[in-house]
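Taking it in order: structure first as structure tokens, then the write-up.
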Amino acid sequence: MKCLFIDCNDQLASVWQRVLRADDPPIDVNRKPFAQAELPRLLDGCAICIDDHSYMPTELVAQCSALEHIVFLGTGAASYMNPEELKARGVTVHTIKGYGDTAVAEHAIALMLSASRDVAAMDRGIRAGTWSTREGVQLRGKTLGIIGLGGIGHEAARIGRGLGMEVIAWNRTARDGDTLVPLNELLARSDVISLHLALNDDTRGFLGATQIARTKPGVILVNTARAALVDEAALVDALRSGHIRHAGLDVFHAEPLRPDHPLTAMDNVTLSAHAGFRTLEASMTLLRRAIDIVREIIKTPSPRVRGEVV
């Protein structure tokens with residue numbers, strides 16, 4: 001079964017070489033940028049595709065007649081493709097969980113710390129020749145609200161407690177051993193809110209204008225999960241009014257973020273380039289698991305009929 005890693009960037013290329021083993025199945029690697037319309041050409045004859053974060057529209061995947069499996073490097077495949085539509089066409093989407101829980105949690109905390117002390121804004125000012133000391137927020141004794149208590153949320157909670165914060169959490173389902181609070185209580189009590197929900201039909205637009213209005217004035221909002229969890233217009237309005245003191249954002253509705261996007265002009269926003277999971281340790285684990293998934297697919301191939309759900 002022919003396999004192509006369709007979008008291996010320079011950063012991942014060196015990691016790829018570190019995790020490859022002599023007995024791994026042959027996997028071709030594409031390191032050149034490509035237009036979305038080129039997908040059928042690139043995947044011609046490929047039964048398996050490893051996808052970092054390239055969009056895979058159903059109508060283009062439908063033109064890839066040999067494709068049976070997409071191994072997505074992460075958990076958020078739904079932001080880049082429609083797994084249910086692809087499944088109905090006989091293409092199985094595989095995701096990889098848990099590889100970067102600590103990495104993403106640490107990044108969320110880094111954004112929280114930067115936001116609380118306006119680090120990025122002072123950095124920009126100094127580089128532009130302006131020396132302006134800003135008054136920050138001390139986090140010890142403040143309340144950190146974790147929305148979504150999976151692996152990443154648990155790690156963020158652990159680190160938050162280590163900083164001396166009171167940690168409260170809300171999760172869509174009850175979890176043994178976890179003490180949860182109602183969502184409205186979390187919104188009203190939290191000095192910092194960190195989002196760690198998966199994106200699906202139930203969570204899209206989870207924080208809208210109504211929910212943001214229930215938060216504490218001056219709240220810090222951190223999102224390292226998915227941008228579509230938050231109503232972008234409501235977020236921008238709350239940042240402009242100061243109701244949200246500062247937002248630390250690693251994810252955006254369209255990536256890369258346009259230079260003329262309203263968020264880029266706001267001094268009370270700290271931006272990072274969807275990099276929460278990008279550590280050497282997490283990347284090595286991620287790529288190794290992807291290769292192992294390919295190995296298992298090749299070892300136990302199953303017949304595929306176009307249009308059937310498999």
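Throughout, read-outs are computed from the coordinates displayed, never taken from laboratory work. This one's a predicted model, so the numbers in the text were calculated from it and none came from an experiment. For neighbour counting, all protein chains shown are included, and Cβ atoms are generated from backbone atoms with ideal geometry for every residue, glycine included.
Output the pairs from Lys97/Lys216; Lys97/Lys299; Lys97/Lys142; Lys32/Lys87 with a Cα-Cα distance over 26 Å in this structure; if there are none, say none.
Checking Cα-Cα distances, Lys97/Lys216; Lys97/Lys142; Lys32/Lys87 exceed 26 Å.
Per-residue HN-Hα couplings for the stretch 76-90, Karplus 6.51 cos²θ - 1.76 cosθ + 1.60 at θ = phi - 60°, whole Hz, x for Gly and Pro?
Running phi through 6.51 cos²θ - 1.76 cosθ + 1.60 with θ = phi - 60° gives x, 4, 5, 7, 10, 6, 10, x, 5, 5, 5, 4, 5, 9, x Hz.
What do you get for the angle between helix 151-162 and the principal long axis of the chain? Use alpha-carbon atoms, 0 to 90 degrees, nearest ten.
That helix lies at roughly 30 degrees to the long axis.
Give the residue list of trypsin sites (Lys or Arg not before Pro) in the stretch 2-57 that are DSSP loop and have at most 10 other beta-carbon atoms within 10 angstrom.
Answer by residue number: Arg21.
Tell me which residues come under 5 Å, amide H to amide H, from Ala66 once H is placed; ignore anything under 5 positions away on its chain.
Correct list: Gly45, Cys46.
Kindly provide the Kirkwood hydrodynamic radius of the stretch 101-271 in Å, to one decimal, from all pairs of distinct alpha carbon atoms.
Working: mean 1/r = 0.0619 Å⁻¹.
About 16.2 Å, per the Kirkwood formula over Cα pairs.
What net charge is computed for the residues neighbouring Thr102, neighbours being all others with C-beta under 9 Å from the C-beta of Thr102, Lys and Arg scored +1, Asp and Glu -1?
On the way: positive: none; negative: Asp101, Glu106, Glu155, Glu281.
With Lys, Arg at +1 and Asp, Glu at -1, the neighbours total -4.
Using θ = phi - 60° and the Karplus relation 6.51 cos²θ - 1.76 cosθ + 1.60, list the HN-Hα couplings for the stretch 270-283 in order, rounded to whole Hz, with x at every Gly or Pro.
3J(HN,Hα) across the stretch 270-283, in whole Hz: 10, 10, 9, 8, 6, 10, x, 8, 8, 10, 4, 4, 5, 5.
Around Asn9, under 9 Å between beta carbons, what's the net of Lys plus Arg minus Asp minus Glu among the other residues?
For residues surrounding Asn9, the net value is -2.
With contacts defined as alpha carbon pairs under 8 Å and 6 or more residues apart, what's the relative contact order of the chain in percent?
RCO, the chain: 19 percent.
Among Arg288, Arg140, which comes first, then next, by fewest other beta-carbon atoms within 10 Å?
By the 10 Å Cβ count, ascending: Arg140, Arg288.
Only helical DSSP H runs with n ≥ 4 go in: add -39500 (n - 2.57) per run for the chain, normalise by residue count and round the 222 nm mean residue ellipticity to 500 deg cm²/dmol.
Per the formula, -9500 deg cm²/dmol.
Please compute the contact order of the stretch 101-271 in relative form: average sequence separation of alpha-carbon pairs under 8 Å and at least six residues apart, divided by the residue count, as a percent.
Averaging sequence separation for qualifying contacts and normalising by length gives 22 percent for the stretch 101-271.
Strictly greater than 31 Å: what percent of every Cα pair in the chain meets that?
Counting pairs separated by more than 31 Å, the tail of P(r) holds 37 percent.
With a 10 Å Cβ neighbour count serving as the proxy for reagent exposure, in which order, fewest first, do Asp10, Asp28 appear?
Asp10, Asp28
Neighbouring Cβ atoms within 10 Å as the yardstick, rank Ser54, Ser190 fewest first.
Sorted ascending by nearby Cβ count, the order is Ser54, Ser190.
Calculate one ³J(HN,Hα) per residue across the stretch 227-244 by plugging θ = phi - 60° into the Karplus curve 6.51 cos²θ - 1.76 cosθ + 1.60, and present them in order as whole Hz with x for glycine and proline.
4, 5, 5, 10, 5, 5, 4, 5, 5, 4, 4, 5, 5, 5, 7, x, 4, 8
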